[in-house]
């Protein structure tokens, strides 16, 4: 059994070294690692990234001529993959040593097309969250829980799937620059399910610019998500109203934080037009944004 591990990287050669070191520590004996460098051929970042990959040896390295985005880069790697199973690792995350071993065993013991795992999150070196997902309860078609934020699945780094299921889902949607993993999983869940490894097998390192999200970019991403996957969302019936409200509230909150009041009003209108009012969520989103604005104003005065 061979596992093809796919990593798309952009402007993170130092963090990539940490990610690749975690791959080198894997207990599974047959891993084919494919790194796609999306910095642009000949750039300083590309040269640094190439040097980092060369430190580890035995890995397939592809440098894109120009930046084409994570989704397209992942698809390039998937076309090269020879393994029966495909796994993914974000360039700033880390696998725990038995990640691949345990996930392969779980896939082989179930009828699921893919497997994910529990994970921990760190911010600036400090652990602040560890998931506690359970077998049975958090397995199967998880599209609704993912869309409602009840189960983040936490992106590609927790996933390993049969290669045939990846291609059946159509690979990554290259229209997306944000929500790349979500868009893939929505296609995946049309015909396939996920099983779970309950062990914590991945560390997700959150970036320093975690809260510096462009509300305009987030708005565009939500519009693309809803237009592209309207049927996938509609299949959840009445819950589709809650999905719309939740996602537009996310952009509403970010818009308030950035003092983009016109965009915030537009998002509130969309949440009411296509969603169902959740008064507690609306209150929390507004209060959180106003608190952020107040603290930011005080810091400027100080």
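Residue 227 satisfies every condition listed in (1) assigned to a helix (DSSP H, G or I); (2) assigned by TED's automatic domain parsing to the domain that holds residue 94 except (2). Restricting region 122-150 to residues that are modelled with pLDDT of 95 or more and either within 13 Å of the chain's Cα centre (by Cα) or in a helix (DSSP H, G or I) (or both), the residue that is nearest to residue 94 (Cα to Cα) is 146.
Of everything in region 231-246 that's without any contact (Cβ under 8 Å) to a residue 60 or more places away in the chain and touching a helix residue (DSSP H, G or I) at 6+ places or on another chain (Cβ under 9 Å), which residue is surrounded by the fewest Cβ atoms within 10 Å (Cβ to Cβ)? Among them, the one singled out is 234.
Residue 196: touching a helix residue (DSSP H, G or I) at 6+ places or on another chain (Cβ under 9 Å), surrounded by 18 or more Cβ atoms within 10 Å (Cβ to Cβ), in the same structural domain as residue 140 (by TED's automatic domain parsing) and closer than 29 Å to residue 124 by Cα, yes or no? Yes. Of 205, 236, 192, all but one fail to be touching a strand residue (DSSP E or B) at 6+ places or on another chain (Cβ under 8 Å), under 23 Å from residue 165 (Cα atoms) and not in a helix (DSSP H, G or I); the exception is 192. The set of residues from region 130-163 being free of Cβ contacts under 8 Å to residues at least 12 places away in the same chain and surrounded by fewer than 14 Cβ atoms within 10 Å (Cβ to Cβ) comprises 136, 137, 150.
The values are calculated or read from the model by the stated rules, or taken from the named source; none is laboratory data. This structure is a prediction, so every number in the text was calculated from the model and none was measured. So basically every Cβ, Gly included, is an ideal-geometry build from the backbone, and we count neighbours across all protein chains shown.
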